[in-house]
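Colleague: Attaching a single structure in structure tokens format; questions to follow.
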Amino acid sequence: MNPAIVRPFESDDLPGAATALIKVHETDGYPVEGVEDPETWISSDDVLRAWVAEMDGEIVGHVAVMRPQGEAAVSLWIEQSGDDEGHVAVLGRLFVVQAARKHATGRRLTEAAMSYGREHDLRLVLDVMAKDAAAMRLYERLGWRKIGETTHHFGNDESIPAVCYVAPGA
């Protein structure tokens, strides 16, 4: 398998990204929402910019930078930094199929989003489910800093512990 190519998301990528999302959900239980309608979840109106990873002609990963929508990580960062919401965005919708994980695909997708944040004067924040230790290790290796904890609510009154992070500054 060749290393993945990370490139900007195009509308033609939507079916392949949805298929990859379903594969990731089947292996990892992530995401906890959006799987019933993956194309709508991936192409949310809150997406500012997105990227895909493609390997051997197949979409194997995705990440998006999104407008804040009341996420705990956004509130925590604004409270701690004094930043205003206009300079904060959320890294979200990051997923990589299992077969592509040993090729630094998640790192490269995250770095694409981080570059966009720096270029547009946006401080990126995120929350990650506490059970997703590999994701937390990735963010920490890239310099993200833990800023607090929250509970991620989804579905029919379901919830799961989550950890909030902020990307390194410019």
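The values are calculated or read from the model by the stated rules, or taken from the named source; none is laboratory data. What you see is a predicted model, and the numbers here were worked out from it, not measured in a lab. Because the Cβ atoms are built from the backbone with ideal geometry, glycine has one as well, and the counts that use them run over all protein chains shown.
Colleague: Residues Leu14, Leu48: which one is surrounded by fewer than 16 Cβ atoms within 10 Å (Cβ to Cβ), within 17 Å of the chain's Cα centre (by Cα), farther than 18 Å from Ala99 by Cα and not aromatic (Phe, Trp, Tyr)?
Modeller: Going through Leu14, Leu48 in turn, just one is surrounded by fewer than 16 Cβ atoms within 10 Å (Cβ to Cβ), within 17 Å of the chain's Cα centre (by Cα), farther than 18 Å from Ala99 by Cα and not aromatic (Phe, Trp, Tyr): Leu48.
Colleague: Mind checking whether some residue in segment 117-127 is loosely packed, with under 14 Cβ neighbours inside 10 Å, on the phi < 0 side of the Ramachandran plot and outside any strand (DSSP E or B)? Working first, answer last.
Modeller: Looking only at segment 117-127, we keep the residues that are loosely packed, with under 14 Cβ neighbours inside 10 Å, and these are 119-121.
Filter again for on the phi < 0 side of the Ramachandran plot, leaving 119-120.
After this cut, where a residue has to be outside any strand (DSSP E or B) as well, the list is 119-120.
There is at least one residue in segment 117-127 that is loosely packed, with under 14 Cβ neighbours inside 10 Å, on the phi < 0 side of the Ramachandran plot and outside any strand (DSSP E or B).
Colleague: Kindly establish whether Ala4 is in contact with a Lys or Arg (Cβ under 8 Å, 6 or more places away or on another chain), among the small types (Gly, Ala, Ser), closer than 18 Å to Ala99 by Cα and modelled with pLDDT under 95.
Modeller: Details: in contact with a Lys or Arg (Cβ under 8 Å, 6 or more places away or on another chain): yes; among the small types (Gly, Ala, Ser): yes; closer than 18 Å to Ala99 by Cα: yes; modelled with pLDDT under 95: yes.
Taking the combined requirement at face value, the residue satisfies it.
Colleague: Output yes when any residue across segment 148-170 is buried (at least 20 other Cβ atoms within 10 Å of the Cβ), within 23 Å of Arg7 (Cα to Cα) and not small (Gly, Ala, Ser), and no when none is.
Modeller: For segment 148-170, residues buried (at least 20 other Cβ atoms within 10 Å of the Cβ), within 23 Å of Arg7 (Cα to Cα) and not small (Gly, Ala, Ser): absent.
Colleague: Looking at Thr40, is it among the hydroxyl-bearing types (Ser, Thr, Tyr), at pLDDT 95 or above, assigned to a helix (DSSP H, G or I) and over 23 Å from Pro168 (Cα atoms)?
Modeller: no
Colleague: Sticking with this structure for a sec: Do you know which residues across segment 63-116 are surrounded by fewer than 20 Cβ atoms within 10 Å (Cβ to Cβ), among the hydrophobic types (A, V, I, L, M, F, W, C) and assigned to a loop (DSSP other than H, G, I, E, B)?
Modeller: Of everything in segment 63-116, just one residue is surrounded by fewer than 20 Cβ atoms within 10 Å (Cβ to Cβ), among the hydrophobic types (A, V, I, L, M, F, W, C) and assigned to a loop (DSSP other than H, G, I, E, B), namely Ala104.
Colleague: Would it be correct to say that Ala18 is modelled with pLDDT of 95 or more, under 20 Å from Met114 (Cα atoms) and among the small types (Gly, Ala, Ser)?
Modeller: On the way: modelled with pLDDT of 95 or more: yes; under 20 Å from Met114 (Cα atoms): no; among the small types (Gly, Ala, Ser): yes.
Judged against the criteria, Ala18 is not a match.
Colleague: I'd like to verify a number: residues in segment 137-170 that are farther than 18 Å from Arg123 by Cβ, under 14 Å from the mean Cα position of the chain (by Cα) and assigned to a strand (DSSP E or B), how many?
Modeller: 1
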